[in-house]
Amino acid sequence: MTADTPLVIDRSQLWTDYVEPGFAAGIRRFATERIAPEADRIDREDIYPDTLVRALAREGYNTLPLPRDYSGQGRSYRHAACAFEEIGHASAATAICLITIYQAQTMIRLFGEESLKARTLPRFAQGLISAYALTEANHGSDIRSLDTKARRDGDGWRIDGEKHFITSGTKAEFYIILAETEAGVSVFAVPHDTEGVSRYKGENSATFGLRNGPHMNIVFDGVRLPADHLVGTEGKGVRQAVTVLNYSRTLAGAISLGIARAAFEDALAFARDRTAFDSRVLEFQGIQWYFADMLTEIDAARLLIYRSAQALDDGEQMARWGSQAKLMAAATATRVATQAAQICGAYGITENAPFGRYLRDAKAYEVAGGSAEILKNTIAKCLMPISGLPRTGGPR
């Protein structure tokens, strides 16, 4: 083989899908043809790709696990993981848009009254854009007590407060929020066009990775809601929010897996084509060892992601598997993106190369959607029953 011989990466020999080949090929084709060409622009301009999100909805990718009774696809979470991996491979920022849609959808599907489900869930298939608005300036990841308050107002509710740093907030048409009531923290569904709802860009609205538009602050000023916009049981909002996060963390891990794959494949193509000292870079043993390590870590993360997806389908040990999947996949993505840039030398650190985006997206997802420290706490809590100790108590 000469240095000029064209080479093709055989993806079927690298990555194994856990769903039927036709489904995987369909989302891969959509991501390659429609999303990947826009990835750099989405990141550079920090914009919400609403055109792509609505196109994904038309293809059914916004509602994969949603039952057909609500215009969903009725697919498994393995299918959802596959979709998020492929979209994350093309553009992690675009995949993040779907995370917030799935979070809102899951909350209503699991806990909403039938009237709210019937009125809201079919709209996701039509391209409804939503945000999962939990965070407040004074509380961060601690959602056990909140400054946003909800009180009964006749037959409905009145909401007052403000949420900070909300992903997908620039284009969201619908919010799932947490607010404190007399019974405790509760969940509410709030359409953006409700009187009293507004949004603005805060001082620290932009992030260096996962850039799908600035994170917005959402204001609720005397917002009145019908009774059925209370989602689930009053006072049980923290438990419900944690349940939804158990679902979304698996999909977040799939996005990180996609980032790792993209960095690996681009570095592999560079090393295969780059010639140094009369040999292809990929022919050097030291470089091969880098790729061997990366491939092993990616494959291990993939096994954990799809095991976690199966746990969601089976409804068992979701907190454990989802936290492990995100923890490992996010760390793997950061390591692989770093190593990929190193392999590519000077090219790897240029602005024209994609490795800076991969590294920024990967590192951002070690914090966003459940930091590594929070995930480790969750995993450790799962050990308590196994060891014979209660889940609570003991040093923190």
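Here, each number is a calculation from the coordinates, and none is a lab measurement. All values reported here derive from a predicted model rather than from experimental measurement. Note: ideal-geometry Cβ built from the backbone for every residue, glycine included; neighbour counts use all protein chains shown.
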key: Interchain or long-range residues, amide H under 5 Å from THR233's placed H   = none
query = For LYS149, which lysines qualify as cross-link partners when the Cα separation must be under 18 Å and same-chain residues fewer than eight apart are set aside?
reply = LYS163, LYS236
key: Principal axes of the chain: Cα extent on each, largest first, Å   = 80, 51, 42
remark   = In terms of the charge dipole of the chain, which places +1 on Lys and Arg and -1 on Asp and Glu at the beta carbon, the residue among LEU268, ALA25, TRP157 farthest towards the positive end is TRP157
key: Size of electric dipole in the range 194-260: Cβ of Lys, Arg +1 and of Asp, Glu -1, about Cα centre, debye, nearest 20   = 240 debye
key: Alpha-carbon centroids, the range 274-305 and the range 332-365: separation in whole Å   = 15 Å
Rounded to 10°, Cα long-axis angle of helix 355-364 versus longest principal axis of the chain = 30 degrees
request  = Treating only the Cβ atoms of Lys and Arg (+1) and Asp and Glu (-1) as charged, compute the dipole magnitude of the chain about its Cα centre; round to the nearest 20 debye.
outcome  = 600 debye
message = Tell me which of ALA172, HIS192, LEU230 sits at the most positive position along the dipole axis of the chain, charges placed on C-beta atoms (Lys, Arg +1; Asp, Glu -1).
response = LEU230
inquiry  = If you average the alpha carbon positions of the range 87-149 and of the range 189-264, how far apart do those two centres end up, in angstrom?
reply    = 5 Å
request  = Place a +1 charge on the Cβ of each Lys and Arg in the range 5-106 and a -1 charge on the Cβ of each Asp and Glu, then give the dipole magnitude about the Cα centre in debye, rounded to the nearest 20.
outcome  = 260 debye
ask   = If you take all C-alpha pairs in the range 60-215, what percent of them are over 19 Å apart?
value = 57 percent
message = Can you give me the angle between helix 372-387 and the longest principal axis of the chain, using Cα atoms only, in degrees from 0 to 90, rounded to the nearest 10?
response = 80 degrees
message = Through the Karplus equation 6.51 cos²θ - 1.76 cosθ + 1.60, θ set to phi - 60°, convert the phi angles of the range 291-303 into ³J(HN,Hα) values in whole Hz; use x for Gly and Pro.
response = 5, 4, 4, 5, 4, 5, 5, 5, 5, 5, 4, 5, 4
request  = Return the percentage of antiparallel bridges among DSSP beta bridges fully within the chain, rounded to the nearest 5 %.
outcome  = 85 percent
remark   = When the charge dipole of the chain is computed with +1 at the Cβ of Lys and Arg and -1 at the Cβ of Asp and Glu, the Cα pointing farthest to the positive end, of SER371, GLN310, TRP15, is that of GLN310
Within a Gaussian network of the chain (alpha carbon springs, distance under 10 Å), most fluctuating of ARG109, ARG151, ARG28 = ARG151
task = Based on the mean of other Cβ atoms within 10 Å per residue, sort peptides 83-93, 30-40, 182-192 so the most packed one is first.
result = 83-93, 182-192, 30-40
